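Novice: Below you'll find the structure I mean.
Just so it is clear, none of the values below were taken in a lab; they were calculated from the coordinates. As the structure is a computational prediction, the values presented were derived from the model and not from experiment. Here the Cβ positions follow ideal geometry from the backbone for every residue, glycine too, while neighbour counts run over all protein chains shown.
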Amino acid sequence: MIQKTPVIRKCVSCRITFDRNNLLKITKDHKLGIMLNQGMGRSAYICKSKKCSSDSKLKKKLQKALKSALNHDFFDIFEREIANYK
Ligand SMILES: [Zn+2]
């Protein structure tokens with residue numbers, strides 16, 4: 001049996017660390033641009049909570065973490081994703 005080591009990452013909003021599986025990953029892919037839960041490159045994570053996904057400073061925090069401007073297309077997809085969080 002292969003022991004899987006949990007990957008621990010920090011939420012950009014509340015700064016609490018979580019198992020990677022409980023976080024939404026936002027990646028700035030080298031070729032494809034900003035992606036959710038896929039891609040290779042600089043990544044930022046946010047926990048799957050209503051509190052953090054509706055953080056009014058989240059956009060700034062994500063842009064700072066990714067060192068990249070996020071466009072409306074991304075936030076359209078993002079808002080659809082976080083609509084299910086509680
Ligand atoms: Zn959080």
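Novice: So, restricting to helices (runs of 4 or more DSSP H) that lie completely within the chain, which ones have at least 3 residues that are in contact with a strand residue (DSSP E or B) (Cβ under 8 Å, 6 or more places away or on another chain) and surrounded by 14 or more Cβ atoms within 10 Å (Cβ to Cβ)?
Specialist: Qualifying helices (runs of 4 or more DSSP H): 58-66, 72-82.
Novice: Still on this structure, please answer the following. Which residues, counting only those in the stretch 1-28, are in contact (Cβ under 8 Å) with a residue 40 or more places away in the chain and more than 9 Å from the ligand (Cβ to nearest atom)?
Specialist: Result: Leu24, Ile26, Lys28.
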